[in-house]
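The values are calculated or read from the model by the stated rules, or taken from the named source; none is laboratory data. Every value quoted in this text rests on a predicted model; they were computed, and no experiment measured them. Glycine gets a Cβ as well: all are built from the backbone with ideal geometry, and neighbour counts include every protein chain shown. Accessible surface is based on the protein model in full, side chains and every heavy atom, while ligands, DNA and RNA are left aside. Shrake-Rupley method; radii C 1.70, N 1.55, O 1.52, S 1.80 Å.
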Amino acid sequence: MNRRDARRIARRAGLYAAALGLMVFAGFPFYWMLITTFKQNRDLYVGAFDTSHVPWIFNDPPTLEHVRLLFGQTDFLRWVANTLLVVVVVIVITVAVAVPAGYSLARLTGRWGERLGMGIFFTYLIPPTLLFIPFSRVVALLGLQNSLGALILVYPTITIPFCTWLIMGFLRSVPWDIEEQAMIDGYSRLAVILRVAPRLILPGILTVVVFTFTLVMQEFVYALTFISSVDRMTVSLGVPIALVRGDVYHWGSLMAAALFTSIPLAIIYNLFIDRFIQGFTMGAVKG
Amino acid sequence: MTQRPRLADRADLLGGMMLAPALVYVIVLVGGPFVVAIILSFSTATAGSLSFEWAGLRNYRAILADPIFLRALRNTVIVTVGSQLLVVALATAAAQVFRATFRGKPLARFVLLLPWAVPVSLAAIAWTWIFDSTFSVLNWTLKVAGLLHGWLYWLGDPALALSAIIIVQAWRIFPFATVIVLAGLSSIPSEILEAAIADGAGFWRRLFRIELPLLTPVLAVAILFGVVYTATDLGVVYILTGGGPANTTHVLPTLAFQRGVLGADLGQGAAIAVFLLPFLILVAIAMLRLARRTEIGGGGRDEPT
């Protein structure tokens, strides 16, 4: 074995070590949710000062007790239903508003559309933590406090700017030829928009739907501000707030809830990550 | 011969009509509340009544004399800067790893994206369990490894709690930064790197002399979003420490929530939240400059791939 081979092997070893280290850091809390979900209480609640009891593995056989508790005796399924209701309505609003706006900015408004698009995107940077106080007043005035209606009203303020930008960026990468040809063939602008464009935008709309779904699943600040009744909470609010009764943490069920909510999101992120990224990099990266 | 275009062919008119709902939504429900937030910060408004009285700078004077607020402001800066430094280091390393091909890469990618996919509040509750004062697996592991002789009360000690917050913020943001840096790396023309290799430039030299300088705009985008996500985040601190012990780990969003929503003092809550604005304005300016630079730098954008 010569020096070159040795260096190559060392480099591969370094690569795998770095990959492993990053995976452990990124995945550890997820592993911890997984193992906590299925551990028996007597295996779970052993003080960490007892070094003879290894917390990383199952010392007793796994159990479904916490999962049963979560689905049978808590409002978890109710929260899932609430979340899905908000998801569906917010998706409808977002698609109806952001898709035409994105098309308009990409195809119809020319130079000032680009500036306006940038302006709309910047509103995405205004965080919920700056707006939740005035919104609590708006929501009270509209009589929406403690209702899912408040979330349905407010979530589009996050999804519309981002999705308008996404659709605009997406259309810029779709050649103008097909629409142009349709106009040469005698379609009016309006006819192009109604009959030709929808087919072209469809993949973009899918991204909008997915982004909106993940956002509603993850949002916490507005839900915390507006919703106080346990039976009206969404998953991301109910689990950390209402599953903790007083000072009693049912860690098994808590981690089960976190696990089951995270799995679908993790799968979606793996499928759609590249499309989200196009929205964030704002042309600083050309794909 | 020119013909007056029919209504169905007026691009500007159709464009305006299609854009209007989005503009109205954004102006009424983002612009409006934004202005209200600033007005509220100069008022004595409370959550219980709808009365509204001008208070001038009273809220600002009150919070600027409040050690808890000053501490929260300092914590926000420390957490934001600390976590973003970690994020840059982790994301640069992770991007180098993921650029290479290795066995198990799809699985590794899945795991890498987990922190980003998990809702903040659920991740924070998982970390709360990891940092538990009695059952912390970290303490167990450190003890077994012989690195810890006493005991770490992760969320019970102000300095440790702040470090815990920084770790969690870096954990949840570095996958996002990694993916952005990877996208940037793939846009560096391969000829440049090949030329560097031909000239005998080693890994570190290529990284620091060629890749990182070329990646600056992309890294900047990642950091800017990271700053916004960290500085304005409420969930991590709210769930992990609730601002405790004894109000030592508050950041601006949690303190604004405590005073404005739980304490019903909308005026003071709004004034605290307004201190987030400098972070956001800096980020917005940086982004605009960046966008302008890439616009000038790269003509012919978005050719179909």
Can you give me the Kirkwood hydrodynamic radius for the protein assembly as shown, using every pair of distinct Cα atoms, in Å to one decimal?
25.8 Å
Among B:122, A:120, B:275, whose Cα sits farthest toward the positive end of the charge dipole of the protein assembly as shown (+1 at Cβ of Lys/Arg, -1 at Cβ of Asp/Glu, about the Cα centre)?
A:120
What does the average come to when, for each residue of peptide A:13-24, you count the partner chain Cβ atoms lying within 10 Å of its Cβ?
5
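Quick check: with the 1.4 Å probe, what order do B:186, B:163, A:262 take by accessible area, largest first? Intermediate values should be presented prior to the final figure.
Numbers: B:186 95, B:163 45, A:262 0 Å².
Result of the area sort, largest leading: B:186, B:163, A:262.
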Radius of gyration, Dmax [region A:1-125; alpha carbons; angstrom]
26.1, 69
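Take the alpha carbon gyration tensor of region A:76-135, find the square roots of its eigenvalues, order them as a ≥ b ≥ c, and report rounded if a/c is under 1.5; if not, report prolate when a/b exceeds b/c, else oblate. Write down the numbers at each step before the final one.
Numbers: a/c = 4.43, a/b = 1.67, b/c = 2.66.
Since a/c reaches 1.5 but b/c is at least a/b, the shape of region A:76-135 is classed as oblate.
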When only alpha-carbon atoms are used, what values of Rg and Dmax, in angstrom, describe region B:1-115?
26.1, 75
Where the centroid of each part is defined by its Cα atoms, how far is region B:231-245 from region B:190-226 in Å?
36 Å
Kirkwood Rh for region B:66-296 from C-alpha pairs, in Å, is 19.6 Å
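Quote the charge dipole size of region B:66-296 about the Cα centre in Debye, to the nearest 20; the model charges only the Cβ of Lys and Arg (+1) and of Asp and Glu (-1). Show your work: numbers first, answer last.
Working: 15 positive and 10 negative charges, 73 e Å.
That gives a dipole near 340 debye.
By the scheme Lys and Arg +1, Asp and Glu -1, what is the net charge of all other residues having a beta-carbon under 15 Å from that of residue A:226?
On the way: positive: A:137, A:232; negative: A:219, A:231.
Spelling it out: positives minus negatives among the neighbours equals 0.
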Stokes-Einstein diffusion coefficient for chain A at 4 °C in a medium of 1.567 mPa s, Rh from the Kirkwood formula over Cα pairs: what value in µm²/s?
58 µm²/s
Sum -39500 (n - 2.57) across every DSSP H segment of at least 4 residues in chain A, then divide by the residue count to get the 222 nm mean residue ellipticity, nearest 500.
-23500 deg cm²/dmol
Here, residue A:64 and residue B:206, labelled 7 Å along Cα→Cβ, have an inter-label distance in nm of 5.2 nm
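Among residues other than residue A:236 whose Cβ falls under 15 Å from its Cβ, what is the net charge (Lys/Arg +1, Asp/Glu -1)? Mind showing how you got there, number by number?
On the way: positive: A:78, A:232, B:172; negative: A:75, A:219, B:233.
Taking every Cβ under 15 Å from that of residue A:236, the sum is 0.
For chain A, give the magnitude of the charge dipole about the Cα centre (Cβ charges: +1 Lys/Arg, -1 Asp/Glu; no others), in debye to the nearest 20.
Numbers: 22 positive and 15 negative charges, 183 e Å.
Using only the charged Cβ atoms, the result is roughly 880 debye.
So, with +1 on the Cβ of K and R and -1 on the Cβ of D and E, and no other charges, what is the size of the charge dipole of the protein assembly as shown about its Cα centre, to the nearest 20 debye? Before the final figure, lay out each step's value.
Numbers: 43 positive and 30 negative charges, 224 e Å.
Result for the protein assembly as shown is approximately 1080 debye, rounded to the nearest 20.
Give me the net charge of residue B:138's neighbourhood, meaning all other residues with Cβ under 14 Å from the Cβ of residue B:138; Lys, Arg count +1, Asp, Glu -1.
Working: positive: B:143; negative: B:132, B:157.
Its environment carries a net charge of -1.
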Project the alpha carbons of region B:54-94 onto their principal axes and report the range along each, largest first, in whole Å.
51, 20, 7
Label model pair residue B:264, residue B:58: point-to-point distance (7 angstrom along the Cα→beta-carbon line) in nm is 1.7 nm
Rounded to whole angstrom, the alpha-carbon centroid of region B:17-92 lies from that of region A:220-244 at a distance of 22 Å
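Sum -39500 (n - 2.57) across every DSSP H segment of at least 4 residues in chain B, then divide by the residue count to get the 222 nm mean residue ellipticity, nearest 500. Walk me through the numbers on the way to the answer.
Values: 14 runs with 197 residues, N = 305.
Here the helix-only value at 222 nm equals -21000 deg cm²/dmol.
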Region A:156-217 to region A:1-59: how many Å between their Cα centroids?
44 Å
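Measure off, as a whole percent, the carbon and sulfur share of the 1.4 Å-probe accessible area of chain A, all protein chains present. Before the final figure, lay out each step's value.
Numbers: 7760 of 12250 Å².
Of the solvent-accessible surface of chain A, carbon and sulfur hold 63 percent.
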Using Cα-only point scatterers and the Debye equation, what is log10 of I(q)/I(0) for region A:52-154 at each q in 0.13, 0.17 Å⁻¹, rounded to two decimals?
-0.77, -0.99
